[in-house]
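Peer 1: What follows is a single structure, and I will ask about it in a moment.
The values are calculated or read from the model by the stated rules, or taken from the named source; none is laboratory data. Here the structure is a predicted model, which is why all the values come from computation and not from measurement. Cβ placement follows ideal geometry from the backbone for every residue including glycine, while neighbour counts extend to all protein chains displayed.
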Amino acid sequence: VRRHLLALAAALTVALLAVGAGRVTAAAPAPAEAGAQVRDALFAAQQDLVLDGGGAAAARVGEAERDLAPLAAELGPVAPAALADARAALARADRAARAGDGPALGAARADVWAALLRGAALAAQEATSAGDAAAADRWLGLREFRRPTRFSAAPADATEALGALRAGRLRPAAAREAVARDLLDAYGARMREALAGAEEARGRGFRARWAEQAAAARGYFRILAPRFRARRGAAAAGEAERTFGALAASALAGDRAAFGAARTRAEAELAGFRAVPLAPEEATRRAGQLLRFLQLVPVEYGRGVEAGRVTHDFEIQEAITFRDGAEGAFTDLQDALARSDPAATRRAAAALATLRTDLADAIEGRRVADADAVKRAAQGALDDLDGAYPDEWRGGSAGADIDVVRVTLDRLQAAVRAGRYGSAESARLEAYAVFEFGPEIRLRALAPDLVNEVEGLLWYGAAGHEGMATLVAERAGPEAVADTRTALDSALDEVEVRLGSGASTGSIITNAAVLVFREGLEAVLILAAITASMLGANRRLRRPIMLGALGALAASAVTYWIAVEIIGQLAGFGEKLEAVVSLVAIAVLLLITNWFFHKVYWTGWISQFHGRRRRILSGAAGGFLAAQTVGLLLLGFSSVYREGFETVLFLQALQLEAGSWTVLQGVALGLAGVLGVGWLMFVVQRRLPYKKMLIWTGVMIGFVLVVMVGTTARVMQGVGWLPITPIPGLELPYWTGVWLGLNPTWEGILSQVGAIVFVAGSYVLAERIRGRRRSGSAAAPPAVREAAEVEATEPSHIS
Amino acid sequence: MRRPRHALTALCAGAALVAGAAPLAAAPGPRLDGVKAYLLAHAGELAATTGQLEATAARYDALAKAAGYDTAVLLRTRRAEVARLLARAKAQFLRANPAYEEMEGVVAGVPSLSQYDVDIDAGASAKEDPSSAVSFDVKTSDGRVFRKPGNYFALAETSLWGTRPELLAEGGRRVDLNGDGRVTFGESLPDPRFLGAATRDFHAESTRLLATARAWSPTSTDVFTALVVMVPTMNEYFQSWKASRFVAGSRAREASFVATSRLGDIRDILEGLKVIYRGTAPLIARVDAPRSRRLATRLEALRALAADLLRRENAGTRFTPEQADLLGAEAQDRATAIAGEISQSASKLKITISQ
């Protein structure tokens, strides 16, 4: 009972407070509430006219006038012209309601609303200038937003700017500019929507909506007019004002021809105008999107048509998606492009229009343009854009790449929903390629773990989620794919944050050092393993290996220089080049393993046994050794260059981030570490008993070979040279792929098993041959038997 | 793995207590449990109703099978029972529909649940649009496979009301089911094997949704995303209403939305969104109390607009396409404004919206 009484008392208190608050609100509704009431009352008038015969329409307009009163008291001092416009439009609404004129009421309603938005925008900016964040926030309640899209919810720049102003992190002038940009961006978008809406309503013969949308377009333009005037001059602004006036008047009168002419003029006058120029980083992002999307249009189209007919409508739909994305980015950049190269901009616009027609015709079955023609149109636009792009747009934008990754993942999901797993895999590889050669290069410098996470999610799994490669190969359902997609989206969000925040010099040096140390360690491991047995007279065999390794270091340095110059082009071949170099390295390693077991042990033993070492190494065996020298040279080169190339690519990220000097400091540190470990290894090797050292060496070579084979299989899957067949039920942590080359696919595992079998087989075979020889030697004279025993204990006797 | 039924009851009761107690709390906090309880209650209702629909369809299939799947024989021998079963199936559909629509805001708006929306209510057929098609095929007992035929509600609706000829029994397109000498809209015979298979899979999917909903732990990002994603989609719903027979009449291009007006769906979805909003309102009030109140008012006004139009339609008003266009545009504008304000609140609260 007591609890109930307490609850009742609390409820009463809350109710009383609410009533109190209601009184305050009723006394002075905020601009947002008052504006919404005006708008709703006018809509009620329209609704009454349209649905109920209009008997109460005038009364509703009267309500709107009353609702305006409190707002007018606040608006009058800061935006008298806007308030006067709103009042005049309300008077027109009243006349239209009484006359039962739907189009006039619609137009007047749009005029009232646009005038209120204009006044509120002005008031919000004035309050921000005065440093009054609270007042600005109140006025910002009366506004419209850009319609949300796939990539963006309504921006919150103005809200954030006011928060920063309140916290003293932003000065009033800067906050005002942020507020203005946010509002103008929204109203610029709404103006274009209203123009399109008016055109559509005209086409359908919806008179009231036609008039309303045309009036709205004029109203939005008035909000933008000061910026238009600042950019294009007073004469152009006056002309545009008249055009919008004609547009609204012709729509109200239902004059199709006049409306069409005014609309064409409006489009021409607005061409290339953006109320809010894009921020530099946003422009670079859009520029990157434009190129990426446009490049993908002919690729998708080419996959979807064959011999003059559409074979895969899905691909055409994807081409349309990319073209639309390209046009969206182009529209945002058109103003800046036109200033840079008007002719090229016009040609690019025409090419985009041609592509739109071609793709629409193909998907709707009217006409199928030749794939080459589509390619030429896209390439022509790309060439024009390339010429017109300012330098600062050319560096590419990680944000644009991530947008492309996201769109491509959308396609992957759509393909999975449609049961088209081939298309899904193709989309996955595209997403991976864009990530690999775009954001990943910088990201490796800033957050290598995040690279591993994104790659894991795109391949075999990470962070407790299945990888996309596994899911697609197993033909998983959309739910499972959506789960991984959600994880990928979070990771990509994080990627954007990390790329946006940059890194300190210290962390760049550390990352470079760790990178060089890690890759260098692999190279040292191989070199140490191979040269370990080259003792005594065979010490000279180390020379070609070391020469090859030094050559690789020089080649890596040259590659670094080339990469700095042409990173973009090199990156395009990065993974394929890596695959080729890896294959060469594996081939040489296999050769050397084979030689190691069959020739070194055996030949050394035989040479000891027969006392022919000198002859073999310098005489009749010369041809064999010459071939070996080339092989060893190649082995030394490929073992080190493979790592060097990878390191160079990764170092580019750091170089871009902090410059060569900082990177070189890290490289020096890393190399020092590698040399230290290398020295330690050679010391350990020297101290180990010979037989143990041999076993250790063999195991090391085998281990390196197996890891290399696994990694190469994964790289070849990445470039599409090997299929991907996941092993059902096998889940491996991502680190096994990074450190052991162990990935859960049949191709990867079987390749590694093959390598193990090869190494073990070679060893077993060598041992068998050796055993046979030994049993043969048992019948030999005592001196020879003695020599054989010595071989087993003294390293200097072995070649 | 099913939890005991009393756990659900306890959860609902707990959520109700939280929802009821929250206004008394000194500092408002998130009421996301209420959102989950709402989802569970509706997912449970959907699973139960689709289970009944499956049973009815199975009974209808059994009757048809006994008649050798011969429409003439079936009607001659079991017409009254068939009519009764199909009427029952339609009634069950009409109960299942709002159960889903009222939670659609959550299911479609939360990324981890949204695939259920595609398969249950929103996905196209592969023929219409492969990129937004459903993920399943329907396999009938006689071995036919309907590849990605469209969402479950659309399948049930168009086969029961006879607007997709390929889903009807042979000779079942126009049938005088009630024997009054006239064939009116909806008097047709669904393909019994198809209806049986589709409703069986529908029930299975609904059961899976219920299980997923039980495991779901709502986050602030989930609920804000649901609102920002779902609220601005009003125009799409109005467009489908405009294209349906409720507005376009016999010239309707839309085969679905024949049993209930899309306006009902719009109202129900907004009802669900209001519940989600109630979960976020205390959070928003922490940073902007006037906006929190304003959003509640604007959402209710939007719901009231849809409800008023539905009331008029039920009372006999036939809206013209132009009227539907005007109303849809207004709803869309209001919805965009609401979503925009929610985004501002999310920004103030440093809550990420998943796009």
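Peer 1: Got at least one residue in the range A:114-135 being under 18 Å from residue A:190 (Cβ atoms) and of a type in the set (Val, Ile, Thr)?
Peer 2: No; the residues of the range A:114-135 include none that is under 18 Å from residue A:190 (Cβ atoms) and of a type in the set (Val, Ile, Thr).
Peer 1: Restrict the check to the range B:170-183 and report whether at least one residue is at pLDDT 85 or above and farther than 23 Å from residue B:42 by Cα.
Peer 2: Yes, there is a match, as at least one residue in the range B:170-183 is at pLDDT 85 or above and farther than 23 Å from residue B:42 by Cα.
Peer 1: Here's something else I'd like to know. Does the range B:317-324 contain any residue that is more than 8 Å from chain A (Cβ to nearest Cβ), in contact (Cβ under 8 Å) with a residue 12 or more places away in the chain and either closer than 23 Å to residue B:225 by Cα or part of a helix (DSSP H, G or I) (or both)?
Peer 2: Yes: the range B:317-324 contains one or more residues that are more than 8 Å from chain A (Cβ to nearest Cβ), in contact (Cβ under 8 Å) with a residue 12 or more places away in the chain and either closer than 23 Å to residue B:225 by Cα or part of a helix (DSSP H, G or I) (or both).
Peer 1: Starting from residues that are surrounded by fewer than 22 Cβ atoms within 10 Å (Cβ to Cβ) and at pLDDT 75 or above, keep the ones in the range B:221-235 and report whichever is nearest to residue B:158 (Cα to Cα).
Peer 2: Step by step, filter the range B:221-235, then rank; the result is B:233.
Peer 1: Hey, another quick one. Considering each residue of the range B:176-203, count those that are in contact with a strand residue (DSSP E or B) (Cβ under 9 Å, 6 or more places away or on another chain) and not in a helix (DSSP H, G or I), and give that number.
Peer 2: Within the range B:176-203, residues that are in contact with a strand residue (DSSP E or B) (Cβ under 9 Å, 6 or more places away or on another chain) and not in a helix (DSSP H, G or I) number 4.
Peer 1: Quick one: would you say residue B:153 is among the aromatic types (Phe, Trp, Tyr) and over 17 Å from residue B:54 (Cα atoms)?
Peer 2: no
Peer 1: Sticking with this one: With the condition kept exactly as written, say whether any residue in the range B:162-169 is of a type outside the set (Ser, Thr, Tyr), closer than 20 Å to residue B:65 by Cα, crowded, with 21+ Cβ neighbours inside 10 Å and within 17 Å of the chain's Cα centre (by Cα).
Peer 2: For the range B:162-169, residues of a type outside the set (Ser, Thr, Tyr), closer than 20 Å to residue B:65 by Cα, crowded, with 21+ Cβ neighbours inside 10 Å and within 17 Å of the chain's Cα centre (by Cα): absent.
Conditions tested, residue by residue: (1) buried (at least 23 other Cβ atoms within 10 Å of the Cβ); (2) touching a residue at least 24 places away in the same chain (Cβ under 8 Å); (3) not β-branched (Val, Ile, Thr).
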{"position": "A:211", "(1), (2), (3)": "yes, yes, yes"}
{"position": "A:239", "(1), (2), (3)": "no, yes, yes"}
{"position": "A:261", "(1), (2), (3)": "no, no, yes"}
{"position": "A:267", "(1), (2), (3)": "no, yes, yes"}
{"position": "A:280", "(1), (2), (3)": "no, yes, yes"}
{"position": "A:287", "(1), (2), (3)": "yes, yes, yes"}
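Peer 1: In the range B:174-221, what count of residues is obtained for those that are touching a residue at least 60 places away in the same chain (Cβ under 8 Å) and of a type in the set (Lys, Arg)?
Peer 2: Result for the range B:174-221: 4.
Peer 1: Need pairs with beta-carbon distance below 7 Å; first residue over 17 Å from residue A:194 (Cα atoms) and facing chain B (nearest Cβ under 7 Å) and within the range A:145-156, second at pLDDT 80 or above and part of a loop (DSSP other than H, G, I, E, B); sequence gap 6+ or separate chains.
Peer 2: Every condition considered, the pairs that remain are A:154/A:145; A:154/A:146.
Peer 1: From A:404, A:416, grab the single residue that is surrounded by 23 or more Cβ atoms within 10 Å (Cβ to Cβ) and more than 12 Å from chain B (Cβ to nearest Cβ).
Peer 2: A:404
Peer 1: Which of the residues spanning the range B:92-120 are under 20 Å from residue B:274 (Cα atoms) and within 14 Å of chain A (Cβ to nearest Cβ)?
Peer 2: B:107, B:108, B:109, B:110, B:111, B:113, B:114, B:117
Peer 1: Scan the range B:121-134 residue by residue and report those that are facing chain A (nearest Cβ under 8 Å) and touching a Ser or Thr at 6+ places or on another chain (Cβ under 8 Å).
Peer 2: Within the range B:121-134, B:123, B:133, B:134 meet the criteria.
Peer 1: Identify the single condition in (1) under 17 Å from the mean Cα position of the chain (by Cα); (2) of a type in the set (Phe, Trp, Tyr); (3) surrounded by fewer than 21 Cβ atoms within 10 Å (Cβ to Cβ) that residue B:185 does not satisfy, given that it satisfies every other one.
Peer 2: (1)
Per-residue answers, yes or no, for (1) farther than 18 Å from residue A:272 by Cα; (2) modelled with pLDDT under 90:
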position	(1), (2)
A:353	no, yes
A:356	yes, yes
A:360	yes, yes
A:364	yes, yes
A:367	yes, yes
A:374	yes, no
A:377	yes, no
A:380	yes, no
A:390	no, yes
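Peer 1: Could you go through the range B:295-316 and let me know if any residue there is within 17 Å of residue A:50 (Cβ to Cβ) and polar (S, T, N, Q).
Peer 2: Scanning the range B:295-316 turns up no residue that is within 17 Å of residue A:50 (Cβ to Cβ) and polar (S, T, N, Q).
Peer 1: Right, next: Restricted to the range A:504-559, and to residues that are among the hydroxyl-bearing types (Ser, Thr, Tyr) and more than 19 Å from residue A:675 (Cβ to Cβ), which residue is modelled with the lowest pLDDT?
Peer 2: A:504
Peer 1: Additional query: Could you identify the single residue in A:326, A:348, A:362 that is in contact (Cβ under 8 Å) with a residue 12 or more places away in the chain and under 18 Å from residue B:129 (Cβ atoms)?
Peer 2: A:362
Peer 1: Would the range A:82-101 turn up any residue that is surrounded by fewer than 20 Cβ atoms within 10 Å (Cβ to Cβ) and either within 14 Å of chain B (Cβ to nearest Cβ) or on the phi > 0 side of the Ramachandran plot (or both)?
Peer 2: The answer is yes; a qualifying residue exists.
Peer 1: Only one residue in A:749, A:756, A:724 is modelled with pLDDT of 75 or more and closer than 28 Å to residue A:457 by Cβ, so which one is that?
Peer 2: Step by step, each of A:749, A:756, A:724 is checked, and only A:749 is modelled with pLDDT of 75 or more and closer than 28 Å to residue A:457 by Cβ.
The rows are residues; the columns are (1) within 14 Å of chain B (Cβ to nearest Cβ); (2) buried (at least 18 other Cβ atoms within 10 Å of the Cβ); (3) modelled with pLDDT of 95 or more.
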site: A:16; (1), (2), (3): yes, no, no
site: A:24; (1), (2), (3): yes, no, no
site: A:31; (1), (2), (3): yes, yes, no
site: A:47; (1), (2), (3): yes, yes, no
site: A:51; (1), (2), (3): yes, no, no
site: A:62; (1), (2), (3): no, no, yes
site: A:78; (1), (2), (3): no, yes, no
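Peer 1: Going residue by residue through the range A:461-476, is there one that turns out to be basic (Lys, Arg), touching a helix residue (DSSP H, G or I) at 6+ places or on another chain (Cβ under 6 Å) and closer than 20 Å to residue A:400 by Cα?
Peer 2: The answer is no, given that none of the residues of the range A:461-476 is basic (Lys, Arg), touching a helix residue (DSSP H, G or I) at 6+ places or on another chain (Cβ under 6 Å) and closer than 20 Å to residue A:400 by Cα.
Peer 1: In the range B:135-151, what residues are out of contact with any Ser or Thr (no Cβ under 7 Å at 6 or more places or on another chain), within 12 Å of another protein chain (Cβ to nearest Cβ) and not hydroxyl-bearing (Ser, Thr, Tyr)?
Peer 2: Passing the criteria: B:136, B:137, B:145, B:147, B:151.
Peer 1: Let me ask something additional. Checking residue A:131 against (1) within 14 Å of chain B (Cβ to nearest Cβ); (2) closer than 27 Å to residue B:348 by Cα, which single condition isn't satisfied?
Peer 2: (1)
Peer 1: Something else now. Give the residue, chosen from B:352, B:297, that is in a helix (DSSP H, G or I) and at the interface with another protein chain (Cβ under 10 Å from one of its Cβ atoms).
Peer 2: Going through B:352, B:297 in turn, just one is in a helix (DSSP H, G or I) and at the interface with another protein chain (Cβ under 10 Å from one of its Cβ atoms): B:297.
Peer 1: Based on this model, can you work out whether residue A:408 counts as among the β-branched types (Val, Ile, Thr) and under 30 Å from residue A:651 (Cα atoms)?
Peer 2: yes
Peer 1: Also, quick follow-up: Just checking, does the range B:211-219 include any residue being among the β-branched types (Val, Ile, Thr) and either touching a helix residue (DSSP H, G or I) at 6+ places or on another chain (Cβ under 6 Å) or under 22 Å from residue B:39 (Cα atoms) (or both)?
Peer 2: yes
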